[in-house]
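Working notes, structure below.
The values are calculated or read from the model by the stated rules, or taken from the named source; none is laboratory data. Here the structure is a predicted model, which means the values were calculated and not measured. All Cβ positions, even for glycine, are placed from backbone atoms using ideal geometry, and neighbour counts span all protein chains on display.
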Amino acid sequence: LQIKTTEPALPSAQLTALRSARPLENLKSLAYPEGIQSPNPALNPMANATKFKYDKEFLMQFQNVFTEKPSLDWDQRMKETVGDTESARPSTAR
Amino acid sequence: EDETKEEEGPFEQLTVFHDADNFNVKHPLMNKWTLWFTKPPSGKGGNDWSDLLKEVVTFDSVEEFWGIYNNITKTSELPPKSDYHLFKQGVRPEWEDTQNKNGGKWAYQFKEKRNVQIDELWLHVMLAAIGETLESDDAKEVMGVVVNVRKAFYRIGVWTRTMGKGAGKNEALMEIGKRFKEVLKLKERDMVEFSGHTDSAHSGSTRAKAKYTV
């Protein structure tokens, strides 16, 4: 079983899931696993809403869960926009 | 009471929390957002603003946001004269954009760079923007958020569609200022300031400045 592929042309399992996932339509019918806090219901009072507001505490729970690069060409895109981050990094010792 | 699950049929909604590699639903955002980056001038020419301002990526789900955030340079690692801008799709992060020409921004400048948790502050401001908690329901004022990295300071701002003139408009604008100040966890005496884009653009002119503080 290959957990991490080194082939840059193959999307990770997580990216594949993201690409085929559909937007959640009904927040109220969704049961999150134990230990995961639902979005604050006060932010989404409309029962038939299909787009949602999310509080910081809910959003922060994703930080260590969705970690994959969001596209296959991400490194290239970074190079063309934000630039070479290694050379941009200031020395930490002063 | 719990009939909804049966109405859903066989489709079981699995989030990234259920299975990080095998989820089938993602969390949609109310708006599509575009992340922009301003490169510092290189000192070699070719430094028009339009050459330095780069569109990085557009997204509309919570999961995509974190994929981007977890794989992009942190603000604290950017050289001076860099900016990140996170704006609603279709709005350029420039006051010249027709959608911004009547607007302004709430901003706060952090002067002691070494004592500022800029990565955490900028993250929290972005989360408030994409989570749509910077303004009350019908305000429709927020255009985007920005962080400026400068030699002597960091500055974080929230751009608004208007300068808050007219009935109800001023309240909406002040509410954004208040919420922004809370997100930044500022002390009561530390004031966030609002200024109109045109006033900033024509600073030095004699016109009255639209300026508020919260």
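Quick notes
- Set A:Gln37, A:Gln76: member being of a type outside the set (Phe, Trp, Tyr) and either over 30 Å from B:Leu53 (Cα atoms) or within 7 Å of chain B (Cβ to nearest Cβ) (or both): A:Gln37
- Search result, residues across segment B:72-110 that are under 20 Å from B:Pro40 (Cβ atoms) and of a type in the set (D, E, K, R): B:Lys74, B:Glu77, B:Lys81, B:Asp83, B:Arg92, B:Glu94
- Failed criterion for B:Lys101 (all others in (1) out of contact with any His (no Cβ under 8 Å at 6 or more places or on another chain); (2) not hydrophobic (A, V, I, L, M, F, W, C); (3) not in a strand (DSSP E or B) hold): (1)
- Among (1) without any contact (Cβ under 8 Å) to a residue 12 or more places away in the chain; (2) assigned to a loop (DSSP other than H, G, I, E, B); (3) not β-branched (Val, Ile, Thr), the one test that B:Arg114 misses: (2)
- Filter result for B:Ala128 (under 15 Å from the mean Cα position of the chain (by Cα) and either under 19 Å from B:Asn31 (Cβ atoms) or surrounded by fewer than 19 Cβ atoms within 10 Å (Cβ to Cβ) (or both)): yes
- Test: B:Val147 is within 14 Å of chain A (Cβ to nearest Cβ), crowded, with 21+ Cβ neighbours inside 10 Å, at pLDDT 95 or above and touching a Ser or Thr at 6+ places or on another chain (Cβ under 6 Å): yes
- Number of positions in segment B:55-82 that are within 7 Å of chain A (Cβ to nearest Cβ), in contact (Cβ under 8 Å) with a residue 40 or more places away in the chain and assigned to a helix (DSSP H, G or I): 2
- In segment A:40-69, the residues that are assigned to a loop (DSSP other than H, G, I, E, B) and more than 8 Å from chain B (Cβ to nearest Cβ): A:Asn40, A:Asn44, A:Pro45, A:Met46, A:Ala47, A:Asn48, A:Ala49, A:Asn64
- Restricting attention to segment B:89-120, the residues being within 18 Å of B:Glu77 (Cβ to Cβ) and touching a Lys or Arg at 6+ places or on another chain (Cβ under 8 Å) number 2.
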